Structures are given as structure tokens and as C-alpha cells.
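Working notes, structure below.
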């Protein structure tokens, strides 16, 4: 009678010797590296670097004219004359729950979330070990992706004085007050750069591998994740801080950072009791809309532009 269970003998099956397979695996990796960088993706990498530079330049200009508020105790950001009263603050490490935010003046890094990664000399190089984590520079993940795609490291869009947000803030510290028309042009150009950046990164990720830890925001550009034990999620400390890598998406390299969006029908200050009626939008999109840029229709659903008003 067949009971649905089969037992296979291992004596007739050959034993796989991984030491003999190692040279063959390394040879395949070396041959695969000859296919990169893909020449057809080189213009995309250049467009991404140009869009990133235009985005930083535009946002640094807009935040000098549009009020940007950041919570003192959590990553929440709000664009408007004053902060909202929606009780969504959780403190530094989520110790608090549903508290009112403590607003301070926001900066460039509050609008564009910096995502850094290890800089590799070539894509298919040895995996970065934990003791080697200080031997590699940390650069923006988008720049690293473009460099692995074949972008020239001497390009002005990759130079430190362009990719560093602090330098852009210093350059715009003494800007004169822009007119409403000029501010609208800057906002439109910034929004186009935002869309071009996300579209370009999406195209590059279809060709070039990138990894993200599913427990924290660490990103690694390359076919294999690094071995640095720097995962900041304490509940996984039994693994000694090792990352758990999965395929990265556009939001991992270019975080949208969704914020509360105030519509025309909303009160001047958003209240907690109307949070189910208010819209949401990526912070860059909200900033550009406050400066007069036309918002693409794909954001209308989450912004709830024609939605109901909160009850009094």
C-alpha cells in the first residue's frame, strides 16, 4: 500500500564538493562582470546625476521661501505657515504614542532623506567584511548606482561640492527674495527633476542590482550585501547586527517621505480629529505645489484634492 512517502538513498547520488565548484563559480562571476557597465544605460546614469543636482538646487532654494517644519523628536515634516496638531509623534525610539509634535525649522535633509552606502571600486568585488567597514567611503546611494553604471567619477555632478547638501544650503543662504513667477519656475523645474530622478533610478535598478535590509534602512548597491554588522533594529540583536538583504526598490534609494497635505477646504491648522479626511503627499511634491507648480494627476488620489472636509 502506497503511503505517500518515498525514501531516497544517498549512496548512489554523488557528493557535491563545494571546494571544486568554487573556481568555477568565481570564473562565472568574473565573466559576468565583463558585461558591465551596460553602454545603453550610460545616458540614463548621466540624466539621474543631473536630475539629482537640479533637485538639491531647487529644494534648497524653495525652503528659503516656503516654511518647512520638522518635528524635534521624530522624522515628521510639514509644509505650511505653522505645524499641524495631528497627534502622530512617537518620539525618538517610539517610546511615546500619539503625541503632539514639537516643531522646529526644517532643513534640506528633512525634505530629501540622505541615503548613503559603501563606495565600491567595481561592482563584482569581494564582499565588504565587518572589520573592513571603515576602509570604504560612504557616498550617496544614487551616486554609487550611477558610478557602477559607468558614470565618470570626475563629472561635476559627482564632485563633493555638488553632492553635499550642506554646500547647497550655504550657497543659498544669501539668496534674494524671488518673485512669485520666478518661484513658480523653480518649483516646476524641481518637480520635473524629482520625477526624472525617480524614473531614472527605476530604470537603473532593472539592470544593476541593489539590496536593502528588511529590518532597517541600510542600502547596498551591488549583487551581494555587505557583512558589516550595523543593523540598528535591537530586537534582532541575537544575530549580532547582521543585515537581512532583499531586493531594493526606488523608494529605498529615493525615499518619498509622505507628509500631511493641506487642501483649500481644510482649516488653517490641521486638527487631529480630521486626520481621516486630510490628504497626503510626498514632501517634495507638497513643497513644489506650495510654490505654484502644477502637480501630476497621479498624486491626486492620495492628496484627496476634492475630498470632503472634516466635520466641525
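Evaluate the following for residue 131: is it modelled with pLDDT under 90 and within 17 Å of residue 258 (Cα to Cα)? Write out each step before concluding.
Working: modelled with pLDDT under 90: yes; within 17 Å of residue 258 (Cα to Cα): no.
The answer is no for residue 131.
Within region 149-165, is even one residue under 19 Å from residue 63 (Cα atoms), assigned to a loop (DSSP other than H, G, I, E, B) and at pLDDT below 85?
Taking region 149-165 as the starting set, the residues that turn out to be under 19 Å from residue 63 (Cα atoms) are 162-165.
Narrowing further to those that are assigned to a loop (DSSP other than H, G, I, E, B): 164.
Now drop any that are not at pLDDT below 85, which leaves 164.
Yes - at least one qualifying residue is present in region 149-165.
Would you check if residue 197 is part of a helix (DSSP H, G or I) and in the same structural domain as residue 44 (by TED's automatic domain parsing)? Full working, then the answer.
On the way: part of a helix (DSSP H, G or I): yes; in the same structural domain as residue 44 (by TED's automatic domain parsing): yes.
Answer is yes for this residue.
If the requirement is being at pLDDT below 95, out of contact with any helix residue (DSSP H, G or I) (no Cβ under 9 Å at 6 or more places or on another chain), farther than 30 Å from residue 78 by Cβ and not in a loop (DSSP other than H, G, I, E, B), which of these qualifies: 243, 236?
Numbers: 243 fails: not in a loop (DSSP other than H, G, I, E, B).
Result of the check over 243, 236: 236.
Name, by its number, the condition in (1) touching a residue at least 40 places away in the same chain (Cβ under 8 Å); (2) in contact with a strand residue (DSSP E or B) (Cβ under 9 Å, 6 or more places away or on another chain) that does not hold for residue 129.
Single failed check for residue 129: (2).
Of all residues in region 247-266, how many are surrounded by fewer than 14 Cβ atoms within 10 Å (Cβ to Cβ) and either in contact (Cβ under 8 Å) with a residue 24 or more places away in the chain or touching a helix residue (DSSP H, G or I) at 6+ places or on another chain (Cβ under 6 Å) (or both)?
Counting residues in region 247-266 that are surrounded by fewer than 14 Cβ atoms within 10 Å (Cβ to Cβ) and either in contact (Cβ under 8 Å) with a residue 24 or more places away in the chain or touching a helix residue (DSSP H, G or I) at 6+ places or on another chain (Cβ under 6 Å) (or both) gives 3.
Output yes when any residue across region 282-294 is at pLDDT below 95, closer than 23 Å to residue 112 by Cα and assigned to a strand (DSSP E or B), and no when none is.
The answer is no, given that none of the residues of region 282-294 is at pLDDT below 95, closer than 23 Å to residue 112 by Cα and assigned to a strand (DSSP E or B).
Can you confirm whether residue 273 is at pLDDT 90 or above, under 30 Å from residue 182 (Cβ atoms) and either exposed (fewer than 15 other Cβ atoms within 10 Å of the Cβ) or in contact with a strand residue (DSSP E or B) (Cβ under 8 Å, 6 or more places away or on another chain) (or both)? It would help to see each step written out before you state the result.
Details: at pLDDT 90 or above: yes; under 30 Å from residue 182 (Cβ atoms): no; either exposed (fewer than 15 other Cβ atoms within 10 Å of the Cβ) or in contact with a strand residue (DSSP E or B) (Cβ under 8 Å, 6 or more places away or on another chain) (or both): yes.
Against the criterion (at pLDDT 90 or above, under 30 Å from residue 182 (Cβ atoms) and either exposed (fewer than 15 other Cβ atoms within 10 Å of the Cβ) or in contact with a strand residue (DSSP E or B) (Cβ under 8 Å, 6 or more places away or on another chain) (or both)), residue 273 does not qualify.
Can you spot a residue in region 40-56 that is modelled with pLDDT under 90 and more than 20 Å from residue 288 (Cα to Cα)?
Scanning region 40-56, I find at least one residue that is modelled with pLDDT under 90 and more than 20 Å from residue 288 (Cα to Cα), so the answer is yes.
Of the conditions (1) over 12 Å from residue 253 (Cα atoms); (2) surrounded by fewer than 16 Cβ atoms within 10 Å (Cβ to Cβ); (3) modelled with pLDDT of 90 or more, residue 202 clears all except one; give me its number.
Of everything listed in (1) over 12 Å from residue 253 (Cα atoms); (2) surrounded by fewer than 16 Cβ atoms within 10 Å (Cβ to Cβ); (3) modelled with pLDDT of 90 or more, residue 202 misses just condition (1).
With respect to residue 226, is the statement that it is assigned to a loop (DSSP other than H, G, I, E, B) and under 20 Å from residue 138 (Cβ atoms) true? Lay out the reasoning, then the answer.
Numbers: assigned to a loop (DSSP other than H, G, I, E, B): yes; under 20 Å from residue 138 (Cβ atoms): yes.
When the stated conditions are applied, residue 226 passes them.
The values are calculated or read from the model by the stated rules, or taken from the named source; none is laboratory data. Not measured: the values here are computed from a predicted model. Note that we place each Cβ from the backbone using ideal geometry, even for glycine, and neighbour counts take in every protein chain shown.
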